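Enquirer: Take a look at the following structure, please.
The values are calculated or read from the model by the stated rules, or taken from the named source; none is laboratory data. In this text, all values refer to a predicted model and were calculated from it rather than measured experimentally. All Cβ positions, even for glycine, are placed from backbone atoms using ideal geometry, and neighbour counts span all protein chains on display.
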Amino acid sequence: MKAKDIMIPFKDYLKPDNTLSEAVNLLKGAARGEAKIGVMGLPVLDDKGKLVGMLSMTDILRAVHPSYMDMMNLGDFTWDGMLESLAKQVRDKKVKELMTRTVIIVHEDDPLMECVDRILKNHVRRMPVLDKTERVVGMVYLREIFFAITKAMLDEK
Amino acid sequence: MTQEIASTSGEIVMGLGFWIATTIFILAYALIIWEKVHKTIIAVFGAALLIVLGIVTQEEAFNSLDLGVDWNVIFLLVSMMVIINIMKPTGVFEYIAIKSAKVAKGRPFMIMAIFSTVTAVVSAFLDNVTTVLLIAPVTLLICQALELDVVPFLITEALASNIGGTATLIGDPPNIMIASKAQLDFMAFIYHLTPVIIVVLIAYIISIKFIFGRRMVVKEDLRQRVMAMNENEAIKDTVLLKKSLVVLAVTMTGFVLHGMLHLQPATVALFGAGLLLLISGIKEPRHVLAEAEWSSLFFFIGLFIIIGAVVKVGLIKWMSIKVLELTHGNLFGTSMIVMWFSAFASAFIDNIPYVATMNPLIIDMAKQLWPNLSGIELLHHPDLMPMWWSLALGACLGGNGTAIGASANVIVVGMAEKMGHPISFKQFMLYGMPLMIESVIICMIYVWLRYYVLMI
């Protein structure tokens, strides 16, 4: 099987100038296959439809987590209400300020092992699928690859 | 005196080697100031070029005490870095900072004063950049809790770290370099620099009280956030902490006694680092060793070789003759010029290459003045001692003048910007420059009073 056989067709995306509050709304209500149950990450496309980044829930967590807390062990000294007030402070930040710019992608004709290789080596859980003209045509999720593995394992033939 | 000096200048042969070394030296310093290429790359390439061109031999660059890399400085720095890197995960630095905020009872100026004092004291024993990197994250957290503008806190801490670093041999790289070249021991710095630094620090705290003290008010419920923090939770590894503190105590005792024991400071530090590596139970030392500031260390290595080359060809000697001509051999005047010139030079350029140049210059100057003396008799000539202290005080404290004067300032400005509170060059200078001038005036009075009036 190839990437295109398991990908979820491309539908929702973010723009670089969306604010974070718009972005979280889209993440919450984005379609995953048929159902609009929300997704953990969305591709960011510019006006010409070119893929310029990815924004995931982890990026949103990172947006509210002050960078000084990365430098020392300060988790024990935070307080109730800190997260909420920081969330309010960052809601007008732009997607382009927080998105991951080096996007890990696959092409639609790449074999599934290539998908697994990229997921494991780059610690991502989803990847945009591009066609030959470098347009986004779908998304490959960890879960779909897992289902492909399950199917192969349980297939008696 | 002037005539005598002029006659010795005949020895300098300004041949091809002189001009090659001088050109590379000037170009390297210009490129370091220009900051387009990383300073370490410039220093390493410049050094390699000088060896390739045969201005200094590899033997001289690697092994000569007068012309080569000062391994005493390199090993002291790297050993202290290793000790700190092993101690960091214990949580002791978080503990100290949180405890300080609670001792201040969450009152803003008290926090500023205590954080500045703690920064100064810690900086006296650890590298200034390390100290600021350890105190600044906690400062940002505390200011967030108290909803205070963090900028005054960060600026006052950077300035305090440069003040504190001046107090001891191991506090700031210029002092390490001066100690190594002038063969001064740890207790000499304690005896000659620590007293004046204590006065400077007290004057500094009083000054920041006037500058920032009135503007800061905090609501009671916000103070409770700080008071609710439990500093004991910071300690993550009690066993390693105890081991580290023992090693730190051994190392500090070693520094105090190194003159008597006839051990170089680098030997003491290396022993501390080796001992802590041994007893810490670390299986694979790669991480703690890799986290040392290799870029700074290679900057030092390259710089030492470049300076060695210009010493060898006589440029530094020529400069020292010019300085003496300028001051007509008046040593008090020379001391004061060295202090003030060092302060303003260090405010705008890196004080490390500056001191690397000034060290041999002062030694050459001494050789002009007392041609019959050599070794310790020359380096520790009673009339020369105030020069070393003036250089140390000027070069270390001068860093406070601008945002680029000291590495601690650069770090703080970078962190403030990342947190969305950019500090402009002008804004930093508005506080830094007057406070720097204040501190140098205090030092000037001190040097004059102690070495030229009271003569003690």
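Enquirer: Applying the selection to the stretch B:404-441, what residues are over 13 Å from residue B:132 (Cβ atoms) and aliphatic (A, V, I, L, M)?
Expert: B:404, B:419, B:423, B:429, B:430, B:433, B:435, B:436, B:437, B:440, B:441
Enquirer: Let me ask something else. Within 24 Å of residue B:19 (Cβ to Cβ) and surrounded by 18 or more Cβ atoms within 10 Å (Cβ to Cβ): is that true of residue B:324 in this structure?
Expert: Taking the combined requirement at face value, the residue satisfies it.
Enquirer: Hey, among the residues in the stretch B:414-434 that are in contact with a helix residue (DSSP H, G or I) (Cβ under 6 Å, 6 or more places away or on another chain) and buried (at least 19 other Cβ atoms within 10 Å of the Cβ), which one's nearest to the other protein chains (Cβ to nearest Cβ)?
Expert: Filtering first and then ranking leaves B:415.
Enquirer: Has the stretch B:380-394 got any residue that is closer than 18 Å to residue B:139 by Cβ, among the hydrophobic types (A, V, I, L, M, F, W, C) and touching a Phe, Trp or Tyr at 6+ places or on another chain (Cβ under 8 Å)?
Expert: No, because not a single residue in the stretch B:380-394 is closer than 18 Å to residue B:139 by Cβ, among the hydrophobic types (A, V, I, L, M, F, W, C) and touching a Phe, Trp or Tyr at 6+ places or on another chain (Cβ under 8 Å).
Enquirer: So which residues in the stretch B:311-341 are touching a Phe, Trp or Tyr at 6+ places or on another chain (Cβ under 8 Å) and farther than 25 Å from residue B:399 by Cα, if there are any at all?
Expert: If the condition is that a residue be touching a Phe, Trp or Tyr at 6+ places or on another chain (Cβ under 8 Å) and farther than 25 Å from residue B:399 by Cα, then B:313, B:314, B:315 are the ones that fit.
Enquirer: Which of the numbered conditions does residue B:148 fail, given that it passes all the others? Conditions: (1) within 22 Å of the chain's Cα centre (by Cα); (2) surrounded by fewer than 24 Cβ atoms within 10 Å (Cβ to Cβ).
Expert: (1)
Enquirer: Next up: Residue by residue through the stretch B:93-117, note down the ones that are within 11 Å of chain A (Cβ to nearest Cβ) and of a type outside the set (Lys, Arg). Working first, answer last.
Expert: In the first step, residues of the stretch B:93-117 are kept if they are within 11 Å of chain A (Cβ to nearest Cβ); the result is B:93-95, B:97-98, B:101-102.
Correct list: B:93, B:94, B:95, B:97, B:98, B:101.
Enquirer: Continuing with the same structure: Given the options B:40, B:90, name the one that is crowded, with 18+ Cβ neighbours inside 10 Å and either closer than 19 Å to residue B:173 by Cα or among the small types (Gly, Ala, Ser) (or both).
Expert: Going through B:40, B:90 in turn, the sole match is B:40.
Enquirer: Looking only at helices (runs of 4 or more DSSP H) that lie completely in the stretch A:1-109, which have at least 1 residues being within 14 Å of another protein chain (Cβ to nearest Cβ)?
Expert: A:57-64, A:68-71, A:82-90, A:95-98
Okay, residues lined up against (1) modelled with pLDDT of 95 or more; (2) hydrophobic (A, V, I, L, M, F, W, C); (3) under 30 Å from residue B:375 (Cα atoms):
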position	(1), (2), (3)
B:157	yes, no, no
B:162	yes, no, no
B:167	yes, yes, yes
B:187	yes, yes, yes
B:200	yes, yes, no
B:205	yes, yes, no
B:215	no, no, no
B:226	no, yes, no
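Enquirer: Exactly one of these conditions fails for residue B:330: (1) at negative phi; (2) surrounded by 18 or more Cβ atoms within 10 Å (Cβ to Cβ). Give me its number.
Expert: For residue B:330, the failing item is (2).
Enquirer: Which helices (runs of 4 or more DSSP H) does the stretch B:1-120 wholly contain that include 1 or more residues that are of a type in the set (Val, Ile, Thr)?
Expert: Passing ranges, in order: B:2-8, B:16-34, B:39-52, B:71-87, B:92-103.
Enquirer: Which of the residues that make up the stretch B:21-40 are among the small types (Gly, Ala, Ser) and under 22 Å from the mean Cα position of the chain (by Cα)?
Expert: B:28, B:30
Enquirer: Residues in the stretch B:246-262 that are surrounded by fewer than 16 Cβ atoms within 10 Å (Cβ to Cβ) and free of Cβ contacts under 8 Å to residues at least 40 places away in the same chain: how many?
Expert: Selection size over the stretch B:246-262: 8.
Enquirer: Looking at B:411, B:437, B:441, which one is part of a helix (DSSP H, G or I), within 20 Å of the chain's Cα centre (by Cα) and surrounded by fewer than 15 Cβ atoms within 10 Å (Cβ to Cβ)?
Expert: B:441
Enquirer: Going through the stretch B:144-171 one residue at a time, which ones are within 10 Å of chain A (Cβ to nearest Cβ), on the phi < 0 side of the Ramachandran plot and either in a loop (DSSP other than H, G, I, E, B) or not aliphatic (A, V, I, L, M) (or both)?
Expert: Across the stretch B:144-171, the qualifying residues are B:144, B:150.
Enquirer: Sort through B:166, B:156 and tell me the only one that's β-branched (Val, Ile, Thr), crowded, with 24+ Cβ neighbours inside 10 Å and within 26 Å of residue B:291 (Cα to Cα). Let's see the steps before the verdict.
Expert: Details: B:156 fails: within 26 Å of residue B:291 (Cα to Cα).
Step by step, each of B:166, B:156 is checked, and only B:166 is β-branched (Val, Ile, Thr), crowded, with 24+ Cβ neighbours inside 10 Å and within 26 Å of residue B:291 (Cα to Cα).
Enquirer: In the stretch B:118-133, what residues are surrounded by fewer than 24 Cβ atoms within 10 Å (Cβ to Cβ) and either charged (D, E, K, R) or within 11 Å of another protein chain (Cβ to nearest Cβ) (or both)?
Expert: Of everything in the stretch B:118-133, just one residue is surrounded by fewer than 24 Cβ atoms within 10 Å (Cβ to Cβ) and either charged (D, E, K, R) or within 11 Å of another protein chain (Cβ to nearest Cβ) (or both), namely B:133.
Enquirer: Next up: Restricting to the stretch A:87-131, count the residues that are without any contact (Cβ under 8 Å) to a residue 12 or more places away in the chain and buried (at least 16 other Cβ atoms within 10 Å of the Cβ).
Expert: Within the stretch A:87-131, residues that are without any contact (Cβ under 8 Å) to a residue 12 or more places away in the chain and buried (at least 16 other Cβ atoms within 10 Å of the Cβ) number 0.
Enquirer: Can we say residue B:180 is crowded, with 20+ Cβ neighbours inside 10 Å, among the hydroxyl-bearing types (Ser, Thr, Tyr) and touching an Asp or Glu at 6+ places or on another chain (Cβ under 8 Å)?
Expert: It is true that residue B:180 is crowded, with 20+ Cβ neighbours inside 10 Å, among the hydroxyl-bearing types (Ser, Thr, Tyr) and touching an Asp or Glu at 6+ places or on another chain (Cβ under 8 Å).
Enquirer: Give the residues of the stretch B:297-351 that are small (Gly, Ala, Ser) and more than 15 Å from residue B:62 (Cβ to Cβ), sorted by residue number.
Expert: B:314, B:320, B:329, B:333, B:335, B:342, B:343, B:345, B:346, B:347
Enquirer: How many of the residues in the stretch A:1-37 are among the small types (Gly, Ala, Ser) and buried (at least 16 other Cβ atoms within 10 Å of the Cβ)?
Expert: Count: 3.
Enquirer: Answer yes if at least one residue in the stretch B:390-405 is in contact (Cβ under 8 Å) with a residue 60 or more places away in the chain, in a helix (DSSP H, G or I), surrounded by fewer than 21 Cβ atoms within 10 Å (Cβ to Cβ) and not basic (Lys, Arg), and no otherwise.
Expert: Looking through the stretch B:390-405, none of the residues is in contact (Cβ under 8 Å) with a residue 60 or more places away in the chain, in a helix (DSSP H, G or I), surrounded by fewer than 21 Cβ atoms within 10 Å (Cβ to Cβ) and not basic (Lys, Arg).
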